[in-house]
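Just so it is clear, none of the values below were taken in a lab; they were calculated from the coordinates. The structure displayed is predicted, hence computed values, not measured ones. Note that each Cβ is placed from the backbone with ideal geometry, even for glycine, and that neighbours are counted across all protein chains shown.
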Amino acid sequence: MAPLLEVQDLRIHFPTDDGLVKSVDGVTFSVERGSTLGIVGESGSGKSVTSLGIMGLHQGTSARITGEIKLDGEELVGADPDRVRELRGGKMAMIFQDPLSALHPYFKIGDQITEAYRIHQPGATKKQARQRAIDLLGRVGISRPSVQVDSYPHQFSGGMRQRVMIAMALSNDPELLIADEPTTALDVTVQAQILDLIRDLQSEFGSAVIIITHDLGVVAELADDILVMYAGRVAEYGTALDIFGQPSHPYTWGLLASMPRIDRARTTRLVPIPGTPPSLIQVPSGCPFHPRCRYASQTGGRSQSEVPPLREVTPGHLSACHLTAAQRTEFWAELSAGKVREDTREPA
Amino acid sequence: MISFIIRRLIAAVFLLIIVSMVVFGIFFILPRWGGQTTYGLATEYVGRNPTRSAVLQMIDQLGLNKPLYLQYWAYLKAIVVGGHYGTGVNSAYCPPPCFGYSFKNQQPVWPAMVSDIPVTLSLAIGAAIIWLIAGIGIGVVSALKRGSIFDRFSMTIALAGVSLPIFFTGLIALELFSYKWPIFPNVQFVPFTENPALWARNLVLPWVTLAFLYAALYARLTRAGMLETMGEDYIRTARAKGLPERTVIFKHGLRAALTPIITIFGMDLGLLLGGALLTEYTFSLHGLGLFTIEAVQNQDFPEIMGVVMLAAFFVVIANLVVDIVYAVADPRVRY
């Protein structure tokens, strides 16, 4: 059976006065039914733009989208906007980063949920939709849902609002649920609750989930597959086991080494990734990560001149790096043992 | 909600009392600070050719020898129960609500003022309807078609609209449509109850002139509000639900964009109801604006005091209505 979502060589470019912003530049991945894909990357790596592209939410902006996005075999790139609108909120739904601003301040939360339900279920009566909203609010853990359904968003805490967003997204039993940094704006204790909720609901509703985050801890908890993005491109793509067990891209190493881990000695230093994400108008030549990569000098200059193709490390595990397999094994072993290689980059 | 309205109502009454104190202070306390004597002050209220006995009578009448709070009390009392003014043959009764007695015109202020209200009311409300429809409509279209020819054109016109004074646009309108091409000849106020068709026809030019100024302002405000709102996260949420763009714009977008305009509209309308001075003057419509201008020219203090209180009343009421409407429109305001 074909995957639920297939994205092939997706490119999303925005022409601006300063030049062409290549927010997403040739991204390929797929999501199986009922499975979870984590998309990881820093700010500006193209994660959110990719997800908005899948949802067709670049409609009406200056975005130029090429490539393929197939939902259940149906091509969405260049499809009739009305058709994409029907799928949006129905077959595919989305939760956003900031639940404080994602709900309309002037409408009752129940009305906001029923609105999402009724637009896709034209046969449903007001009463049925309201009952559906109450059921969903109960499912996502809102207490006294039959009362709270008439509350306004400002009467809810951030965590509760995110629950409402999830209830809204699930109102039409979507086959694909995209969660764009669903926990970033929340307290740490609430973050865990929301992640648990997403996982529980996923098994209950059987939806495929794409979870977008810059927090590897989040994907470690939820994801079956992980896509690491950098500067609008795929850096590494594989199963969670591949990415956490045998990471094969210096950028992934950077993400991992900069994350505190309970299974490592407390004396192990956290290693930040030097520098800042590149401009998406003037992406660095060759490997876009090379100006920040500690190992760029180990590739005989190819990092600066050649864009590394996405190559299989092991079947199903892809990485876009010029380093040889042996080098990668060696460097990762060093790094995970807590040894930080001296910065061997040539001075800029 | 009911208690919210009641509290606002009480606050509005208090506000009016404070306004009355300020008005009273301006006319009865400030002149004394400026060196005016009690006799001189009373002279201003006596009318033309004041005799000494009339002035002394007036001092007694207004209680200018008494403590200030008693004077203020007499002023308030007259509003509620009325009062007698003048002496002998000139004696006149001013029935409540008595906002003073114009000695220059030999009549109580209130009836003269009230007879001018329909003119201002017709002018302000008619213009308000036009400017709301035109301003908001143009603002929304401009925001949605940002950068288009329509947007640029209408925003240029709007800039002209907010910049050109009424005595310019009004005179041009009169010259063109009343004299050169007499589509609306002989502009004068005809009461609605007398002849609705003529009432409307004669008010078209003042309405459009006044509305042009405000429509321009509202178009710019609506455009800015709409641009801001359409970039909000909840608009993205509305789109993500799969709502048609129509619903996204008019239900989710416009609702939020228009709420701040309620406040401005209330203030504008309240101020206009106290007299649209320039428009009334330009088109010779005898409303509260012209009433005010004439009162000032004649230095008719009781009339000025009366019209200031009436204007303040309109502004306070408009604010009260705005607060209530706002609470209905924005649930976050209720408490």
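Once you divide the Cα radius of gyration of the stretch B:2-109 by 2.2 N^0.38 Å, the number left is 1.22.
With the alpha-carbon atoms of the stretch B:19-73 aligned to their principal axes, the span from lowest to highest coordinate is 32, 21, 17 Å, starting with the largest. Among the cysteines of the protein assembly as shown, those whose beta-carbon sits 4.7 Å or more from every other cysteine beta-carbon are A:Cys287, A:Cys293, A:Cys321. Within the protein assembly as shown, DSSP assigns beta bridges of which about 65% are antiparallel (rounded to the nearest 5).
For A:Trp332, B:Trp181, the sequence from fewest to most other C-beta atoms within 10 Å is B:Trp181, A:Trp332. Once Lys and Arg get +1 and Asp and Glu get -1 on their Cβ, which of B:Thr259, A:Ala192, A:Ser297 lies farthest toward the positive end of the dipole of the protein assembly as shown? So the residue we want is B:Thr259.
For chain A, a simple Cβ point-charge model (Lys and Arg +1, Asp and Glu -1, everything else neutral) yields a dipole of about 580 debye relative to the Cα centre.
Across the protein assembly as shown, Cα-Cα pairs more than 52 Å apart make up 36 percent of the total. Tell me, rounded to the nearest percent, the portion of alpha carbon pairs in the stretch A:105-171 spaced more than 16 Å apart. Value for the stretch A:105-171: 35 percent of Cα pairs lie more than 16 Å apart.
Extent of the stretch B:117-286 along its three principal axes (Cα atoms, max minus min coordinate, largest first): 57, 32, 25 Å.
If only the Cβ of Lys and Arg carry +1 and only the Cβ of Asp and Glu carry -1, the dipole of the protein assembly as shown around its Cα centre is close to 1340 debye.
The relative contact order of chain B comes to 21 percent, based on Cα pairs under 8 Å that sit 6 or more residues apart.
Sorting B:139-150, A:27-38 by their mean Cβ neighbour count within 10 Å, with the most densely packed peptide first, gives A:27-38, B:139-150.
Each distinct pair of alpha carbons in chain A adds a 1/r term; the inverse of their mean, the Kirkwood radius, is 21.4 Å. Within the stretch B:246-335, the trypsin sites (Lys or Arg not before Pro) that combine a DSSP coil assignment with at most 15 other C-beta atoms in a 10 angstrom radius are B:Arg334. Seen against the Cα atoms of chain B and their longest principal axis, helix B:68-81 is set at about 70 degrees. Taking the charge dipole of the protein assembly as shown about its Cα centre, with +1 at Lys and Arg Cβ atoms and -1 at Asp and Glu Cβ atoms, the residue from A:Ile281, B:Met113, A:Thr239 reaching farthest to the positive side is B:Met113. Label reach from A:Glu86 (point 7 Å along Cα→C-beta): in the stretch A:111-125, no amide nitrogen lies under 11 Å.
Take every Cα pair under 8 Å whose residues are at least 6 apart in sequence, average their separation, divide by the length of the stretch A:105-171, and the relative contact order is 47 percent.
Over the stretch A:77-231, Cα pairs under 8 Å with separation of 6+ residues give a relative contact order of 28 percent. Highest GNM mean-square fluctuation among A:Pro288, A:Pro272, A:Pro145, for chain A modelled with Cα contacts below 10 Å: A:Pro272. Take each residue in A:47-59, count the other chain C-beta atoms within 10 Å of its C-beta, and the mean is 1. Here the peptides B:168-176, B:29-37 are ranked by packing, the mean other Cβ count within 10 Å, and the order with the highest first is B:168-176, B:29-37. In chain A, helices alone account for a calculated mean residue ellipticity at 222 nm of -9500 deg cm²/dmol, with every DSSP H run of four or more residues adding -39,500 (n - 2.57). With a 10 Å cut-off around each Cβ of A:100-113, the average count of Cβ atoms from other chains is 4. Across the options B:Ala12, B:Asn49, B:Phe27, the greatest Cα extent toward the positive end of the charge dipole of chain B (unit charges at beta carbon of Lys, Arg, Asp, Glu) belongs to B:Ala12. Protection proxy ranking of B:307-317, B:290-300, by the mean of other Cβ atoms within 10 Å over each peptide's residues and highest first, is B:307-317, B:290-300.
In this Cβ point-charge picture (+1 for Lys and Arg, -1 for Asp and Glu), the stretch B:117-286 has a dipole of about 660 debye about its Cα centre.
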